[in-house]
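The values are calculated or read from the model by the stated rules, or taken from the named source; none is laboratory data. Remember, predicted model here, so these are calculated numbers, not experimental data. Every residue, glycine as well, gets a Cβ built from its backbone with ideal geometry; the counts of neighbours run over all protein chains shown. Surface areas here come from the heavy atoms of the whole protein model, side chains and all, with no ligands, DNA or RNA. Shrake-Rupley method; radii C 1.70, N 1.55, O 1.52, S 1.80 Å.
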Amino acid sequence: MKLYVYDHCPYCVRARMIFGFKQLPVELVYIQNDDEATPVGLIGKKAVPILLKDDGSAMPESLDIVRYVDQHYGEKCLSDQVRPELETMIKQIGSYYNHLLLPRFVQLGLPEYKTQSALDYFVNKKSVSIGDFTENLAQTEQYLARLQQDLPMLETLILAGDKANGQQLSIEDIMLFPMLRNLTCVKGVKFPSRIENYIHTMAKLSGIDLYFDRAI
Ligand SMILES: N[C@@H](CCC(=O)N[C@@H](CS)C(=O)NCC(=O)O)C(=O)O
């Protein structure tokens with residue numbers, strides 16, 4: 001199977017996680033951010049992740065991919081339960097975290113911005129939603145302060161390092177880890193110890209790299 005992704009895309013991290021959890025081989029295809037033809041050719045619109053199955057059919061939508069792989073390869077490992085209070089916290093942090101992340105993604109040397117036109121495409125498109133990238137970087141302190149306020153509450157909801165609900169890997173982990181993994185590109189975030197342990201444990205279990213060594 002092949003998985004079409006951007007490295008920075010949290011939905012792509014969701015899809016990559018299930019392959020890591022199950023130790024299933026998958027070929028990752030990093031498309032350029034301005035490549036519209038590849039995704040449109042596969043699923044009729046420009047969006048990743050896309051799973052190209054062995055039978056040649058293409059599947060969009062991260063959670064559909066996760067559930068498909070979980071159900072069809074090996075023993076099912078994910079529970080479907082998501083605690084509403086965790087979903088609320090993910091939404092809360094998700095409402096502002098792109099102001100921290102997007103201006104940093106373009107400075108990390110990611111494979112989806114190899115060409116200048118791919119980089120320009122991303123900056124132009126995302127500036128419409130978050131505003132000027134340089135101005136956002138200048139407001140780091142303000143967004144960091146919000147994040148530092150929210151992280152202790154999130155920490156209370158992480159009941160074990162290797163499974164957020166404390167009982168079994170679940171869709172909660174699929175939703176939570178990509179957000180935390182992307183926040184590792186922000187220098188100066190003080191992750192509460194239980195969150196930091198969760199990030200490192202999930203990275204190992206899923207085989208997904210972190211950005212700590214490149215944080216800006
Ligand atoms: N609901 C979709 C959302 C996927 C999504 O929004 N992907 C973004 C990247 S993070 C995308 O491909 N956006 C189009 C673009 O970059 O132009 C899923 O869960 O897979």
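In table form, for the structure just shown:
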quantity	calculated
Contacts under 8 angstrom Cβ, first residue in segment 52-68 being over 19 Å from Phe21 (Cβ atoms), partner modelled with pLDDT of 95 or more and within 9 Å of the ligand (Cβ to nearest atom), 6 or more apart	Ala58/Ile50; Pro60/Lys45; Pro60/Ala47; Pro60/Pro49; Pro60/Ile50
Odd one out for Leu101, checked against (1) open to solvent by 20 Å² or more (accessible area, probe 1.4 Å); (2) within 16 Å of the ligand (Cβ to nearest atom)	(1)
Residues located in segment 1-34, provided they are within 11 Å of the ligand (Cβ to nearest atom) and either surrounded by fewer than 18 Cβ atoms within 10 Å (Cβ to Cβ) or not in a loop (DSSP other than H, G, I, E, B) (or both)	Tyr4, Val5, Pro10, Tyr11, Cys12, Val13, Arg14, Ala15
Boolean, Val128 is under 26 Å from Ser62 (Cβ atoms), under 17 Å from the mean Cα position of the chain (by Cα), hydrophobic (A, V, I, L, M, F, W, C) and open to solvent by 30 Å² or more (accessible area, probe 1.4 Å)	no
Evaluation of Gly74 against (1) more than 10 Å from the ligand (Cβ to nearest atom); (2) open to solvent by 40 Å² or more (accessible area, probe 1.4 Å); (3) outside any loop (DSSP other than H, G, I, E, B) (one fails), failing number	(3)
Among the candidates Met179, Met175, residue that is part of a helix (DSSP H, G or I), in contact (Cβ under 8 Å) with a residue 40 or more places away in the chain and open to solvent by less than 20 Å² (accessible area, probe 1.4 Å)	Met179
Whichever residue in segment 134-159 is touching a residue at least 40 places away in the same chain (Cβ under 8 Å) and farther than 28 Å from Val82 by Cβ and, among such residues, is least open to solvent (accessible area, probe 1.4 Å)	Thr140
Residue within segment 107-122 that is hydrophobic (A, V, I, L, M, F, W, C) and out of contact with any Asp or Glu (no Cβ under 9 Å at 6 or more places or on another chain) present	no
Flag for Leu86 being away from the ligand (no atom under 13 Å from the Cβ), modelled with pLDDT of 95 or more and part of a loop (DSSP other than H, G, I, E, B)	no
Residues that are over 19 Å from Lys76 (Cβ atoms), within 14 Å of the ligand (Cβ to nearest atom) and either part of a loop (DSSP other than H, G, I, E, B) or not β-branched (Val, Ile, Thr) (or both), drawn from segment 42-55	Leu42, Gly44, Lys45, Lys46, Ala47, Val48, Pro49
Any hit, segment 61-71, residues being among the hydroxyl-bearing types (Ser, Thr, Tyr), within 11 Å of the ligand (Cβ to nearest atom) and outside any loop (DSSP other than H, G, I, E, B)	yes
Residue in segment 59-81 that is among the aliphatic types (A, V, I, L, M) and closer than 26 Å to Ser117 by Cα present	no
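Residue-wise test of (1) more than 30 Å from His200 (Cβ to Cβ); (2) in a helix (DSSP H, G or I).
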site	(1), (2)
Leu102	no, yes
Gln107	no, no
Ala118	yes, yes
Leu151	no, yes
Glu155	no, yes
Ala160	no, no
Asn165	no, no
